Amino acid sequence: MSNIVLDGIMGLCVADALGVPVEFTGREVLRKSPVTGMRSFGTYNQPAGTWSDDTSMTLCLTDSLSKGLDYNDIMKRFIMWFKEGKYTPHGEVFDVGNATRKALKRFLSGSTPLECGGLSDHDNGNGSLMRILPTVYYLRANYDTEITENEEAMEIIHNVSALTHAHKRSLIACGIYCSVAATLIGSMELSTAVSLGINKAVEFYRKYEEYSDELSHYKRLNNESFASVPVEEIKSSGYVVDTLEAAVWCLLNSNNYKECVLMAVNLGEDTDTVAAVAGGLAGLYYGYDSIPQEWLSVIVRRDFVEGICSKLNEVVSLKEETK
Ligand SMILES: [Mg+2]
């Protein structure tokens with residue numbers, strides 16, 4: 001049985017783990033000493049194969065969606081991670097973004113899930129983009145049309161983002177990313193699939209006046225020549241626009257999973273998240289079998305991670321069969 005959940009989520013998890021030891025390392029340093037495989041220790045002093053918040057929050061969402069869509073349940077699982085260290089490699093939380101922390105605190109103080117995400121310009125870190133991927137599987141199984149042709153499906157993506165990141169710039173990033181991910185699941189040629197995915201999302205947002213200002217931030221990404229932007233102009237910061245651009249750029253400028261995620265890590269700065277966002281897409285396109293065995297074999301709690309993926313895959317496969 002094909003397992004598209006495993007393709008994407010393990011693609012994300014392995015890439016996250018590759019980036020963890022060098023998070024915040026600058027590009028120049030990595031140019032002299034590039035990451036070529038799983039390293040130990042580094043930024044957070046963790047053993048090789050240790051994944052971070054990107055994977056933890058993705059797993060919370062994957063696990064929750066295998067039981068249906070329930071924003072309250074998703075938030076409760078985020079809290080189990082944040083407060084109790086559930087869904088972590090070693091029982092401890094070592095990497096939490098500011099906007100996410102604020103949103104989870106709002107939930108703990110009694111706000112409803114969809115009121116928790118920050119709405120200011122400064123709440124546009126990549127914290128919802130890095131964990132949005134599982135939403136694509138849920139939407140594929142539950143909607144007959146393409147994501148971008150369905151307002152309700154797009155609203156679900158926006159709501160899942162808004163649990164922690166509710167600003168329109170973050171919502172659009174998640175919408176574009178999910179559209180690209182969904183298009184990559186087909187058997188189209190890579191660059192055709194990516195530009196089609198971006199185009200379809202942009203067309204959706206163009207229909208709404210309320211998105212027009214924010215959409216301008218994605219103008220460069222939605223340009224046919226985006227792949228040939230020189231690397232010096234690709235930023236790999238934690239800002240959501242930078243992260244989405246960097247991830248798509250790496251996918252377009254590489255030929256396989258390994259090349260894509262190493263390119264993403266070696267851009268430096270927010271290495272784990274840029275790689276995770278790129279790795280989710282590369283995993284979907286090239287498949288689980290393309291992820292190097294020597295990387296998969298050191299992933300901490302690999303059975304736990306793969307078990308959560310397989311559970312959602314079973315649910316979505318059954319749904320798709322009975323459609
Ligand atoms: Mg992280």
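Readers should treat all values here as calculations from the given coordinates under stated rules, not as data from a laboratory. Worth saying up front: this structure is predicted, and the values here are computed from it rather than measured. Cβ sites come from the backbone with ideal geometry, for glycine too, and all protein chains shown count toward neighbours.
So what does the Cα-only Debye profile of the range 214-322 read at q = 0.10, 0.18, 0.19, 0.23 Å⁻¹, as log10 I(q)/I(0), no solvent term? With no solvent term, the Cα-only Debye profile gives -0.36, -0.94, -1.00, -1.21.
Each residue of the range 297-306 was assigned a 3J(HN,Hα) from its phi angle through the Karplus curve 6.51 cos²θ - 1.76 cosθ + 1.60 (θ = phi - 60°); the sequence is 5, 9, 4, 5, 6, 4, 5, 5, 4, 5 Hz, with glycine and proline shown as x. Here the average projected area of the convex hull drawn through the C-alpha atoms of the range 99-211 stands at 7.2 nm².
Modelled spin-label separation between residue 155 and residue 196, with each label point placed 7 Å from Cα along the Cα-to-Cβ direction: 2.8 nm. Where in the range 287-323 is the amide nitrogen less than 12 Å from a point lying 7 Å along the Cα-to-Cβ axis of residue 144? Hits in the range 287-323 for residue 144 at 12 Å: 323. Computed over the Cα atoms of the chain, pair by distinct pair, the Kirkwood hydrodynamic radius stands at 19.1 angstrom.
Modelled spin labels at residue 231 and residue 92, positioned 7 Å past Cα toward Cβ, are 3.4 nm from each other. Prolate is the label for the range 128-187, because the ratio a/c of its alpha-carbon gyration tensor axes (a ≥ b ≥ c) is 1.5 or higher and a/b is greater than b/c. Every Cα-Cα pair of the range 171-210 was included, and the share exceeding 13 Å stands at 46 percent. Restricting attention to the range 5-94, the count of lysine pairs at 8 or more positions apart or across chains with alpha carbons under 26 Å apart stands at 4. Under the convention that each Lys and Arg Cβ holds +1 and each Asp and Glu Cβ holds -1, the size of the dipole of the chain around its Cα centre is about 620 debye. Computed on the range 159-232, the Cα convex hull volume stands at 108 Å³ per residue.
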